[in-house]
Amino acid sequence: MDKEQDYHKLALEYSKKHGGKIELKPTVKIRSLKDLSIVYTPGVAAVSTAISNDSRLSWDLTWRWNTIFIITNGTRVLGLGDIGPLASLPVMEGKSLIYKEFGGVNAIPIPIETKEVDEFVKVVKNISVTSGGIHLEDIESPFCFEVLERLQEELKVPVWHDDQQGTAAAALAGLINATKLADKDLKRSKIVMIGAGAANIALFRILEKYGVDTGNIIVGDSKGPLYNGRDDMEIIKTTNRWKYEVMKKSNRDSITDADSSFEGADIVVGFSREGGIKSEWIRKMSSKPIVFANANPNPEISPEEAYKAGAYIVSTGRSDYPNQINNSLIFPALFRGVLDSKAKKIDDYTAIVAAEELAKFAQEKGLRKDYIVPNMEEREIYPRIAAAVAEDAVKRGLANRKESREYFYKKAKKIIGLK
């Protein structure tokens, strides 16, 4: 707690000293009136005319080739909840900083003030024309599911929701390696998920696409496990169809209570709140239980308590513990690959490719119980994920730039600034 208080104090001091975390810088120098005549009037008219005649040239003649917009309405920010768009700005600035530092991507934070789906979609749709892609962030559930689907269908640029796909991809990488260490088959494991919000619903969806038997997955919300026939099933069907789909596909044995859910479970994944996982539940799990307690800022159960209860591997969302499941390992590199390949879209399979490359990197370094995913200081992972994502876009016919994996790797490495 003392360390957290220090970080809070330092964050305020940093923000005041630097006036935020990001700024714009020109790519050309103005040394004379001639320079002004070239980059602005009259010269700039030729650039605008060229784009007017062929919109594809905007990718070559403007910053669009390397620029995305980070969009939020501030309704689900970190562990702070609905703090609104203005208070979300420091978080979005941090996201922009990470994008530039680890992916070489220009990411512009644009918090918008609306809680109406149609208005949100309209605003993003209208401004997206000048971006290379859209990153959605810190938006409450189920609002976030609908706007992601709508925007992916209606926009001409790729759209990604980091709290869904980014978090799920990082978790998938961790699960791939944790099950490898524990001699378990991820695709046949019994998995308990604590929390039925954006992260776990997206993880469920991505695990299904990865080949995991969803009947072996039990997802719990504040009322207990989801199962067919639960008394609020029809309400969920009308208010949150994404959660309803999970309810239909999961929990094959219709287990109705949390205690029974954990009997013989191989894995528990928490994206909920502090206290969401009990020690006695871990004791009911199978041999070598895997515990992902990823609530922020405080995990569902502390690693110390989890290990004491018999956990074999523990991950959290915190950087001061080993095995941090952090979407920052994914999003800067993923969008680097998307932009470099000029991919038409991002989908769950893109997230899976990124997760597999992240997992592979850790495997090559040497898996340990306290090392199932890399950390952000291992910067060489970023061009590798970028290249894997770009190559996948080429293979699946989603790329407008068709080059080799090696080409994309070298390009990403150069833009990110790695030797």
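A short reminder: the numbers here are calculations on the coordinates, not readings from a lab. The structure presented is a predicted model; accordingly, all values stated were derived computationally and were not measured. All Cβ positions, even for glycine, are placed from backbone atoms using ideal geometry, and neighbour counts span all protein chains on display.
Details
- Of all the options 85, 142, 26, the one that moves most in a Gaussian network model of the chain with Cα springs shorter than 10 angstrom is 26.
- Global geometry of region 2-157, whether rounded, prolate or oblate, following the gyration tensor of its Cα atoms and the 1.5 cut on a/c: oblate
- Lys-Lys pairs in region 327-416 that are eight or more residues apart or on separate chains and whose Cα atoms lie under 15 Å of each other come to 9.
- Loop-located GluC sites (Glu not before Pro) in region 351-402 (DSSP state other than H, G, I, E, B) with a sparse environment of at most 15 neighbouring Cβ atoms within 10 Å: 377, 378, 380.
- The alpha-carbon of residue 249 sits under 21 angstrom from the alpha-carbons of these lysines, leaving out residues fewer than 8 places away in its chain: 187, 190, 209, 223, 237.
- For region 85-208, pairs of C-alpha atoms spaced more than 20 angstrom apart make up 51 percent of the total.
- Annotation for region 179-266: trypsin sites (Lys or Arg not before Pro) lying in DSSP loop with at most 12 further Cβ atoms inside 10 Å of their Cβ are 223.
- Restricting region 68-151 to trypsin sites (Lys or Arg not before Pro) in coil, as DSSP defines it, with at most 15 other Cβ within 10 Å: 115
- Gaussian network model of the chain, springs between alpha carbon atoms under 10 Å - residue of 166, 264, 132 with greatest fluctuation: 264
- Extension gain (nm, one decimal) between residue 27 and residue 287, 0.36 nm per residue minus Cα-Cα: 87.9 nm
- Among the helices of the chain, those built from whole DSSP H runs whose Cα atoms reach 20 Å or more along their own axis and whose mean Kyte-Doolittle hydropathy is at least -0.5 are 84-103, 167-181, 348-365, 381-395.
- Spatial separation of Cα centroids for region 62-123 and region 177-219, in angstrom: 29
- Residue exposure sequence - 14, 371 - by fewest surrounding Cβ within 10 Å: 14, 371
- Gaussian network model of the chain, springs between alpha carbon atoms under 10 Å - residue of 258, 11, 173 with greatest fluctuation: 11
- Its alpha carbons considered, the chain gives a radius of gyration followed by a Dmax of 22.2, 76 Å.
- Semi-axes of the equivalent ellipsoid for region 327-416, Cα gyration tensor, largest first, Å: 23, 13, 10
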